[in-house]
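**Student:** The structure that follows is given in the form of structure tokens.
Here, each number is a calculation from the coordinates, and none is a lab measurement. None of these values were measured; they are calculated from a predicted model. Note: ideal-geometry Cβ built from the backbone for every residue, glycine included; neighbour counts use all protein chains shown.
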Amino acid sequence: MKEILQYLFNHHTLSKSEAKAIMIEIAQNKFNATEVTAFISVFLMRNITLKELEGFREALLQMAVPVNIDSGDAIDIVGTGGDGKNTINISTLSSFVVAGAGQKVTKHGNYGASTITGSSNVLEELGYEFKNSSEKLQEDLEKANICFLHAPYFHPALQSVGALRRALGLRTFFNLLGPLVNPAKPQFSMIGVYNLEIARIYQYLLQKDNRDFILVHGMDGYDEISLTHDSKIITKKGEEVYSTEDLGFDSITHESIKAGETPQETAKIFRNILQGKGTEQQNAVVLANAAVALYHTDKFGSYEDCLLMAKESLHGGKALRSLELLLE
């Protein structure tokens, strides 16, 4: 590792094959915590390159625990995290709204590393037990229209650096890898990114995939459609900037979509929203993201049709029912 670090400290970057080899060695615990921390720190001082991200991703997918579920028509709604905004779990809430609307969701998530409450924290707090059996995940997908894949159960490398990431408490390149390595390999993915430079790298990488993608970015630095500002949406067909009005909503404030100070508080807010007790602003941001996700699958008509479906799912209790079925 010493030679690798020296090479990187001299402002060099890794090739795809070098990045892949190092990630495999990290997963095999060949380096101590100090060495891995130093390695991660390199990417806190500069952005990751496309080749580095490709190599890290290939390594994680190669080492992943296989998942055999019928997810060809499914979607994952996920953010990179690390935008520093401490919002309610918008991607996860939207996932249940989308599932309640009739679209299968294979949600990939983890504990919060650079945030207080990740999707795994919330679901665990609500009583969900993580699963690594394809049969059980398939059962969840069939009964609840959604299954949840807790990332460390499927990625040895994420397991080996989990404690280190939590100790650092900073956004690292592992934030960027999570949305790219869903072992269920759903046909569609809606990925929230915290800046446009990262969006470009994702775009180049995902253009090579057969599966479809949509990248969303709140122009004031959110890794989701926040409705606090305009949103940029990037697909294989191109990119557009949408105002909150374009999406059918009024602008909201940063404070109105803040998470709690603890996983317990955030889980309570999460359940309240699905129970129909959310504020108008909380509901709006969840509905906007869910509607864009549904529209992205190209199966449910116009964006306006998808927004109506999302509203019916949330306000009609279908999203809550998906959560309850998942927790059974």
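**Student:** Do any of 107/236; 237/311; 277/318 go past 18 Å between their Cα atoms, and which?
**Tutor:** 107/236; 237/311
**Student:** Shifting gears a bit: Please give the net charge around residue 277, taking every other residue with its beta carbon less than 15 angstrom from that of residue 277, where Lys and Arg add +1 and Asp and Glu add -1.
**Tutor:** Charge balance near residue 277 sits at 0.
**Student:** If you don't mind, there's one more thing I want to ask. Along each of its three principal axes, how wide is the spread of alpha-carbon positions in segment 75-327, in whole angstrom units, largest first?
**Tutor:** Principal extents (largest minus smallest coordinate, Cα): 44, 38, 37 Å.
**Student:** Okay, next question. For segment 179-235, what size does the Cα cloud have along each of its three principal axes, sorted from largest down, in whole Å?
**Tutor:** Over segment 179-235, Cα extents along the principal axes are 32, 19, 16 Å.
**Student:** Let me ask another. Could you work out the percent of alpha carbon pairs in segment 2-63 separated by over 14 Å, rounded to a whole number?
**Tutor:** 55 percent
**Student:** Please sort 197-209, 156-168 by packing, taking for each peptide the average over its residues of neighbouring beta carbons within 10 angstrom, highest first.
**Tutor:** 156-168, 197-209
**Student:** Please give the Cα centre distance for segment 130-149 versus segment 1-80, rounded to the nearest Å.
**Tutor:** 27 Å
**Student:** Can you show me the helix-derived [θ] at 222 nm for the chain, built from DSSP H runs with n ≥ 4 at -39,500 (n - 2.57) apiece and divided by the number of residues, rounded to the nearest 500.
**Tutor:** -14500 deg cm²/dmol
**Student:** On each of the three principal axes of the Cα atoms of segment 46-89, give max minus min coordinate, whole Å, ordered largest first.
**Tutor:** Projected onto its principal axes, the Cα set of segment 46-89 covers 35, 31, 17 Å.
**Student:** Additional query: Which aspartates and glutamates have a Cα lying under 17 Å from the Cα of residue 136, excluding residues fewer than 8 positions away in the same chain?
**Tutor:** 70, 124, 324, 328
**Student:** Same structure, new question: Sort segment 52-118 into rounded, prolate or oblate with this rule: let a ≥ b ≥ c be the square roots of the eigenvalues of the Cα gyration tensor; rounded if a/c is under 1.5, and if a/c is not under 1.5, prolate when a/b is larger than b/c, oblate otherwise.
**Tutor:** Oblate.
**Student:** Quick one: which of 30/185; 143/185; 16/85 span more than 25 angstrom between C-alpha atoms?
**Tutor:** 30/185; 16/85
**Student:** Given R₀ = 30 Å, FRET efficiency for residue 236-residue 62 by Cβ-Cβ distance, to 0.05?
**Tutor:** The computed FRET efficiency comes out at 0.75.
**Student:** Net charge near residue 43: determine it from the other residues with C-beta under 11 Å of the C-beta of residue 43, scoring Lys and Arg +1 and Asp and Glu -1.
**Tutor:** Cβ neighbours under 11 Å give a net charge of +1.
**Student:** Ordered by packing density, taken as the mean number of other Cβ atoms within 10 Å over each peptide's residues, highest first, how do 53-66, 213-226, 248-261 rank?
**Tutor:** Result, highest mean Cβ count within 10 Å first: 213-226, 53-66, 248-261.
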